[in-house]
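Read-outs: derived from the displayed coordinates by stated rules, not from any lab. Worth saying up front: this structure is predicted, and the values here are computed from it rather than measured. When we count neighbours, we look across all protein chains shown, and the Cβ atoms used for this are built from the backbone with ideal geometry, even at glycine.
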Amino acid sequence: MVAGLPPVSLEDKYRFRDGRVFMSGVQALVRLPLVQKWRDAAAGLNTAGFISGYRGSPLGGYDQELWRAKKWLKEQDIHFVPGVNEELGATAVWGTQHVALSPKATKDGVFGIWYGKGPGLDRAMDVLKHANAAGTSQHGGVLAIVGDDHGAKSSTLPHQSDHNFLAAFVPFLAPASVHEFVEYGLLGLAMSRFAGTWVGFKATADTVETSATVDLAGENRSIIIPEFEFPDGGVHIRPGDIWREEDTRLQRYKGFAAMAFAKANRIDRVVWDSPRPRIGIVSTGKAFADTMEALAELGIDERVAASIGLKVYKVGMPWPLEPDGIRAFAEGLEEVLVIEEKREFIEHQLKWQLYNWREAVRPIVVGKHDESGEWLLSPDNELSPGVIAHVIAARIQRIHDTDRIRATLAFFRDQSAKAAAHETPVKRSPYFCSGCPHNTSTKPPEGQRALAGIGCHIMAMWMDRAETFTQMGGEGVTWVGEAPFTDENHVFANLGDGTYFHSGLLAIRQSIAAGVNITYKILYNDAVAMTGGQKHDGELGVDQIAAQMLAEHAKKVAVLTEDLARYKGVTLPAGVRLLDRALLDEVQKEFAATPGCTIIIFDQTCAAEKRRRRKRQQMVDPTRRVFINPAVCEGCGDCSVQSNCVSVEPVETEFGRKRRINQSSCNKDYSCVKGFCPSFVTIDDAQVKKSKADFTLDGVADPTVPAPGDGFNIMVTGIGGTGVLTVSALLGTAAHIEGLASTTADMAGLAQKGGAVYSHVRIAQSNDDLLSPRIMAGSADLVLACDAVVAADKPTQSLMVPERTAVIANADVAPTSDFVRNRDFDFRSAQVERAIRKASNPNACDFIAADTVATALLGDAIGSNILLMGYAWQKGLIPLKRESIEAAIDLNGVAIPFNKRAFALGRLLATRPDQVLALVEATRGPQPEPPATNLDEMIARREADLVLYQDEAYARRFRQTVDQARTAGGDAFAEAVAKSLYKLMAYKDEYEVARLYSDGRFQAAYDAQFAGGAPRVLLAPPLLSRIDPATGRPKKISFGPWVFKAFGLLARLKGLRGTALDLFGYSEERRHERADIAAFEADVARLCAELNPGNIGMAIAIAKLPMDVRGFGPVKAKARAEMLTRREALWAKWPGMAAQAAA
């Protein structure tokens, strides 16, 4: 801990009853029932708590946090039972109120908490209406927490639950920030007990996914129970109730009781008043926080507001809008501006409240539209402080217009214009994780169509593997309505195991009942991967699913698995086939031809969950690794086609783009080895080398760190799933340890799956200085670009200005998912760097090869994020003490030595870069030769390599043709000819592959990366390999270490190449390769003879054609056939060819 400051513990948020704690919105919701129980006990009540619901972003991690806090919950008799789905979870919570009716009750009452995301409320509406009408118990009460995703960050639709709460006649509260979560939750439960209703709690992504330093004083407030005239018997739940009377109590009493409670406790309140009011602003929830931030940016504080006649009203209960408070606020105003996100809700209620006022005293009410009916505030996008500032300034300009306001608006306009004009160099989109089962399971057979479902596998839609989707639990049922009206006979439908258990079984039942031809692929991943890897909420085994499917009368059921051995001792139902996942395509074709509903259960554990379990030693970590010999690799991309895996990454070399396996991110799925290529090597029992390089910070002084002042803003950008959010958590925690105020707002959602992740970190002396957790446009003091691609995208660029923003960026650009599907994808690294430098302070913008340094000296690229944080801190760009950051690392409790070493390494890199880079070079071993910098160098390298490939004469043949091309067509034409001719002449036959394994480069690269192990090369020798009936390709055979001696012998026989003694040369592939050299030389000779300025472009295009012929065996054959078609088309356009053809 930091000297002079009180100790901080991760348990503070559940242990403290006063003071300050650092917690997230989710953690505040876990704290809430604890505080409720404490208050009940202090009031002499013997109560308990019960929580149920169903996970979903932005409440995706709520159940996990509840499990982590089980010790604290158990001590307070608070029970957590996850719901199978939202509806059933709500039904269980309804049952807590029945305790008051039981003669054998052991508690005075049980307070219930239900949770779900917006669509979950849609599903649970029937329960909500019934339970709310029935009522709550006097000492129980129910809080219904709904996670609204206004921006659809992790949802198939943006959702706003306000109108559903109204429809169910459920009052609901809308906290503006995590600081209000517990207080509002307590008010909600007290209101529920008083008014006999369920009470809603609106948690948006911007509030519940925020962490902050929270003062606990708010939750210790007194709660007032107002006077209210209730009907005989009250409004609480009662036995043998009559439905019609329930509705009478609901309509005539409960809503009004809720308003009386809200009024007595000032849930809605005047924040700023004015002695001469003219304009009023009404806002709620997250929009209120943004409104206050916007006012601050405009230079309007409470004093200025009072002087200009501006009032501000904070609505804590959006429905029902408490009438007395809002009417009193509106009296004397000329205009009321309602600021709320999504569709207008409070605005309509306010207009209804004021409708009968005389026109002379009734203020104008504007919000989504102005008084002329024009759009004012967006109904379909999230609001930002900048947008709100524009609207406020325009509305108050007639009564208050200052230089500050004009300058602020001009600044926002400039930032908006820059953002609109900004062209993002490259986007980082979410994708299946490395080794994800969906890489294999979601691929339909050629010519077949698949329907997407809810879950990670919905990303198959942007991989051309699936079309359309439904709500959760409706997977495949759209086909029931489509099938009678199309000639298409069959479709596939993807259905996650979590969805199956939630409600998907009913979708299958509907399809079977309708008699349609459909194959459901139940993707059994053994975890709910989308929201954090939770286990299923009950028993769900493959054998159980298979039995259920047979009981539902599915025509055929097959189980495909990655590991047949795991089924030893497992009895599958009779008639259910157990097969290796390699047979997926074959089984899919069979089932597509089978009338009726068929079922494939694809059993493979979620890759992210595998990684978690292996780290916790809960799952065996295979000792086999995969390595690609870059010299042999052709860059054809077939390994990516076969695996769809993001851990297969590009390596730029002199001889083109090759492939490598990212050993840090590889999840050992091994699908990549199905790529038809002899460059793949498997290694058993090898260890990835970890650097033993020692370094010291002796003599490295701590920098002078800036003061946080009234707000220091750090934007952290990164890639989902790489630990980038740990950086923001450490910074926020460190600020809290120092006694500062801080907020962190993580913008992730679906982006956690390898997409763009943003984290807003704000640090200040006081909570009063942090009005909104988001950084405003142009207000970033530091961008910590753990991923430069994300930093070059519009959301980050809009926060940057050269006058203010420093940048520490990772110069190692991680491949985007586009590369998986496009082997030649241009990552536009130079444009990414230019965009960042243009938007940042030119004197404080450093690009660091963080992945390279972390991999070499820490043994894992995951350390690059903390390394960058250490670098930025040492540069004096983070307003925190070193001791507090190191204490935060200790407090986090994960990989403490590793993270401290990464932080120290970043500091050293900032002060002694030459020393660090020397350590890197000494550790990394041989690296691929960088590409040539000019044409002469490029030609010379290829000529020299062809000598090694064959002999001097062979190399001279190459040089003569290239010189001829250069003389005739200049450098651009010569470059195209040199690259293509070299590629054709250096075709990788058996002799060449043997040379590239035995000339020392492979062994050096292997030794630099691995210690020990037994390498095995995967080959498909024509004389030994058989055709795989599932793929139509020759099967690859694994050859042990002895093969390297054979390679050495074979390489020395290269003189036989192309002679009558060349046994390999008689294959069709080798004959084509030799013929293609001669054909290209003939093409070049003709082009040289007929070149002129008018056709040089077409000549270069023809000369480049062979570069697209990459790979081996069937991959190369396919590429060659496509090239020949393009060649014929280009030559047909060559000047004179059309006339010649006509003649």
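Here are a few things to note about the model shown:
- Per-peptide average of other Cβ atoms within 10 Å, ordering 630-640, 303-313, 413-423 highest first: 630-640, 303-313, 413-423
- With both labels modelled 7 Å from their Cα along Cα-to-Cβ, the Asp963 to Asp914 distance reads 4.4 nm.
- Spatial separation of Cα centroids for the stretch 146-180 and the stretch 278-324, in angstrom: 20
- Taking amide H positions as modeled 1.01 Å from N, with prolines and chain starts lacking one, the residues under 5 Å from Ile78 and 5 or more places away or on another chain are Gly49.
- Mean projected area in nm² (Cα convex hull; one quarter of hull surface) for the chain: 53.2
- Interatomic Cα distance distribution for the stretch 438-613, bins of 5 angstrom, percent: 1, 9, 19, 23, 23, 15, 7, 2, 1, 0
- Residues Asp149, Asp793, Asp585, sorted so that the one with the fewest Cβ neighbours within 10 Å comes first: Asp585, Asp793, Asp149
- Ellipticity estimate at 222 nm from DSSP helix runs (n ≥ 4, -39,500 (n - 2.57)) divided over the chain, nearest 500: -12000 deg cm²/dmol
- The phi torsions of the stretch 1108-1118, fed into the Karplus equation with coefficients 6.51, -1.76 and 1.60 and a -60° offset, translate into couplings of 8, 8, 10, x, 9, x, x, 5, 5, 4, 5 Hz, rounded to whole numbers, with Gly and Pro shown as x.
- If you plug the beta carbon distance of Glu937 and Asp818 into 1/(1 + (r/R0)^6) with R0 = 25 Å, you get a FRET efficiency near 0.25.
- Pairs exceeding a 32 Å alpha-carbon distance, out of Lys117/Lys881; Lys443/Lys610; Lys104/Lys254: Lys117/Lys881.
- When restricted to Cα atoms, the stretch 1023-1143 yields an Rg and a Dmax of 19.4, 62 Å, respectively.
- Cβ-to-Cβ counts within 10 Å put Thr402, Thr605 in ascending order as Thr402, Thr605, the fewest first.
- Taken one residue at a time, the phi angles of the stretch 94-99 give Karplus couplings (6.51, -1.76, 1.60, θ = phi - 60°) of 3, x, 4, 7, 6, 4 Hz. Gly and Pro are set to x.
- Magnitude of the charge dipole, the stretch 12-264, Cβ model with Lys/Arg +1 and Asp/Glu -1, debye to 20: 520
- Straight-distance crosslink candidates among lysines, where the alpha carbon sits under 19 Å from Lys37 and sequence neighbours closer than 8 are dropped: Lys13, Lys70, Lys71, Lys74, Lys107
- Fewest-first sequence of His139, His163, His760, His457 by Cβ atoms within 10 Å of each Cβ: His163, His139, His760, His457
- Among the cysteines of the chain, Cys456, Cys597, Cys606, Cys633, Cys636, Cys645, Cys666, Cys677, Cys786, Cys845, Cys1088 have no other cysteine beta carbon within less than 4.7 Å of their own.
- Largest to smallest principal axis extent of the C-alpha atoms in the stretch 353-493, angstrom: 67, 46, 24
- Partners of Lys535 within straight-line reach, counting aspartates and glutamates whose Cα lies under 16 Å from its Cα and excluding those fewer than 8 residues away in the same chain: Asp63, Glu65, Asp497, Asp526, Asp603, Glu609.
- Percent of Cα pairs in the stretch 826-928 per distance bin of 10 Å, from zero to the largest separation: 14, 40, 34, 11, 0.
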